[in-house]
Amino acid sequence: MNEPIIRIAARGDGVTASGRHVPFAVPGDAVLDDGALAYGPHHQEPPCRHFPECGGCQLQHADDEAYRGYLVSRIETALAQHGLETTIRPPYLSPPNSRRRATLKALKVGQSALLGFNSEQSHRIVDMHECHILRPELFALVEPLRQLLAGLLTPKRIAEVQLTLIDHGTDIAIKGIYAGRLSEIEQLTAFAMAHDVARLSVDRGLGAEPLFEPQLATVTLSGVPVLFPPGSFLQATADGETELVQLVQEAVAGATRIGDLFAGLGTFALATGAAYAAEAARDAAAALKRAAPAVEVEHRDLYRRPLDPGELKRFDAVIVDPPRAGAAEQLSQLARSRVQRIAYVSCNPATFARDAKTLVDGGYVLEWVHPVGQFRWSTHAELAACFTRGG
């Protein structure tokens, strides 16, 4: 008897009603009696030659409808594990070739170099010659970087290349090469000049050191140029950032005293007119303070020192945008506060659901969740959510 695929599991396998996991299957497909997979209407031809070997994508075989369903299912399942449910809106998806930041791996092989993402669940590098997620400006640098690194890499030592598209071009940070000789520094500088690089840095183990930065590296957030320290966090796509900003603005609408926790460079603080921003990364906090002197910016580790209810009482709305680990310590304090509205941006449905349970137990209502698929064709799910104080 044929078994239809009813959903996609968290790691990307299709799942039947009996719980059987089937690689590269999507809802609408079916497992036939002989074990073969019959494709349904939502199974598409993967556009990239490197799929599924390359770990950059796990779901290129799923069309947009199936992928949106996957994002909703991830969040529904995470909330259900904590006894929660709410309105989950139709997901927003970033288009192909929109990713403006990526971390690639590099390895010297003979007289050449491999450069690309790791293979799925492996440290083996898939040499990138095609990519349907990176912005064209970033992909155009892959082959020149491959040629550059062939002469700079140490054999058998994997290097890391961070690419981020900022205001004046691409910010490149390379970790795992020495590049201490004058000839190597000149080679790197010549490369940066030839390819209109905004900044090129090398991390020899003590942090990224800019070797080329003809003008201060900035990223513009809500119309405000903000210094961009090497390695800083930036939303994966420009359109995804715009979508998240609009959702956060909706969640805190009507508030006049807003606090932004885990503020980073100020993506949401600047968009909402927040009066206060807390950030643990010293460089990011300093960059935000320099860009927006009117904002009270505090360099503060909210895992070690979360704002308590007494400190939170000055705000009628709070924005929370923590790392993947979530914000258990800070959310336990928010649950005891009288803050009326909370906008929560998350890149991990599991820790979001855990933190949402804390807020709901503290008297908050989870009004809605809006999935945002910035990492197209990956199993990485992001979201924005709105909480209001009940009673």
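Placing a label point 7 Å from the Cα of residue 299 along the Cα-to-Cβ line, the residues of segment 214-239 whose backbone N sits under 19 Å from it are 226-233. Taking 0.36 nm per residue of separation and subtracting the Cα-Cα distance, full extension of the segment from residue 81 to residue 34 would add 13.4 nm.
Taking the alpha-carbon centroid of each part, what is the distance from segment 326-363 to segment 67-131 in angstrom? That distance is 25 Å.
When each of the peptides 355-367, 339-351, 30-42 is scored by how many other beta carbons lie within 10 Å of its residues on average, the order from highest to lowest is 339-351, 355-367, 30-42. Summarising the label geometry, the points placed 7 Å from Cα in the beta-carbon direction at residue 49 and residue 328 lie 4.7 nm from one another. Divided by 2.2 N^0.38 Å, where N counts the residues, the Cα radius of gyration of segment 183-307 comes to 1.22. The Cα center of segment 246-301 and the Cα center of segment 161-224 differ in position by 27 Å. Kirkwood radius, the chain, all distinct C-alpha pairs, inverse of mean reciprocal distance: 22.5 Å.
With the helix formula -39500 (n - 2.57) applied to DSSP H stretches of n ≥ 4, the chain reaches a computed 222 nm mean residue ellipticity of -7000 deg cm²/dmol.
Listed highest first by mean packing, meaning other Cβ atoms within 10 Å per residue, what order do 170-182, 212-224 come in? Each step should come with its number before you reach the end.
Numbers: 170-182: 18.2, 212-224: 16.2.
Going from most to least packed, we get 170-182, 212-224.
Using the Cα coordinates of segment 25-131, the gyration tensor eigenvalues translate into equivalent-ellipsoid semi-axes of 31, 20, 14 Å, sorted from longest to shortest. Between residue 367 and residue 140, the modelled labels are 4.3 nm apart [label points 7 Å from Cα along Cα→Cβ].
Remark: the chain carries a charge dipole of roughly 1000 debye about the Cα centre, counting +1 on each Lys and Arg Cβ and -1 on each Asp and Glu Cβ.
The residues of the chain expose on average 44 square angstrom of accessible surface per residue, using a 1.4 Å probe on protein heavy atoms.
Listed values for segment 314-327 are Karplus-derived 3J(HN,Hα) couplings in whole Hz (6.51 cos²θ - 1.76 cosθ + 1.60, θ = phi - 60°), namely 6, 10, 9, 8, 9, 9, 10, 9, x, x, 4, 5, x, 9, and x replaces Gly and Pro. Along Cα→Cβ, 7 Å out, is where each label goes; now give me the distance between the ones at residue 97 and residue 196 in nm to one decimal. Output for this residue pair reads 1.6 nm. Rounded to the nearest 0.05, what FRET efficiency do residue 2 and residue 216 have when you use their Cβ-Cβ distance and R0 = 45 Å? That pair, residue 2 with residue 216, gives E of 0.15. With the alpha-carbon atoms of segment 254-391 aligned to their principal axes, the span from lowest to highest coordinate is 41, 34, 30 Å, starting with the largest.
The values are calculated or read from the model by the stated rules, or taken from the named source; none is laboratory data. Quantities reported herein were computed from a predicted structural model and do not represent experimental measurements. Cβ coordinates were reconstructed from backbone atoms using ideal geometry, including for glycine residues, and neighbour counts include every protein chain displayed. Only protein heavy atoms, including side chains, enter the accessible area calculation; ligands, DNA and RNA are left aside. Shrake-Rupley method; radii C 1.70, N 1.55, O 1.52, S 1.80 Å.
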